[in-house]
Each structure stands twice: as C-alpha cells, then as structure tokens.
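Accompanying notes for the structure given below.
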Amino acid sequence: MRVVVDQYLCGTTGQCALTLPGAFRQRELDGVAEVCLTTIPQSLHAAVRLAASQCPVAAIRVIESDDECASAEPVPSQAEAERHAAKDQHNPGGHDGTV
Ligand code: SF4
C-alpha cells in the first residue's frame, strides 16, 4: 500500500498527522500534510484508510496496489497536451504570474 496527499487540496487541518503521526506530518512552512513513509506497513493499513476517510477535504489517496499506482498516472488528452504546449510557447519560463 502507498498513500499520497494532494498538496493543493490539503486544508492543513492537521487531523491526519495528529491521528497517525507515524505516517503523516505537516510541513512547518505552510502546514500542508506530507506522507512520511514510502510504503505503508501492513500494521498501519487500517489506520491509514481511516485517516483518509476522515480527511475533511478528501486530500488523502490510498493506493492499494502497484497496478493501481501505475493506472493512477494521469494521461493528458491530445487537446490538453496541445493546450499545455501552446501555454509553454506563450510563457517559456513556465510561470504564469499567479501566486
Ligand atoms: S486531514 Fe486532510 S486536510 Fe487535514 S492535514 Fe491531513 S491531508 Fe490535510
């Protein structure tokens, strides 16, 4: 099992880190949760699933198997890839100016 936290979705409540400090921690800088373990040991599977189910913004994703992990990689559509290419040409530095 693996687990990931969506860094953009995390609401920095700290609930996961308080519930399961062996698996989650919060960045000091901004409070966004991070996963401490590359692979979740069997003994923590139930607790990690519970933490994921209790995240108020559903930012924690549990990946049960390597197969699921491979299929979790988003594959951009042709239109999306072209949109990104056009954006990169318009802004070669890659930063769109938003903060
Ligand atoms: S419980 Fe969810 S929102 Fe709260 S810190 Fe953890 S990942 Fe972020």
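Points 7 angstrom from Cα along the Cβ direction at Thr19 and Ile63: gap in nanometres? For Thr19 paired with Ile63, the spin-label model returns 2.1 nm. In this simple spin-label model, placing a label point 7 Å from the Cα along the Cα-to-Cβ direction at both Arg27 and Ser43 gives a separation of 3.0 nm.
Each reported figure results from applying straightforward, stated rules to the coordinates on display, with no laboratory input. Worth saying up front: this structure is predicted, and the values here are computed from it rather than measured. Counting neighbours? That spans all protein chains shown, and the Cβs are built from the backbone with ideal geometry, glycine included.
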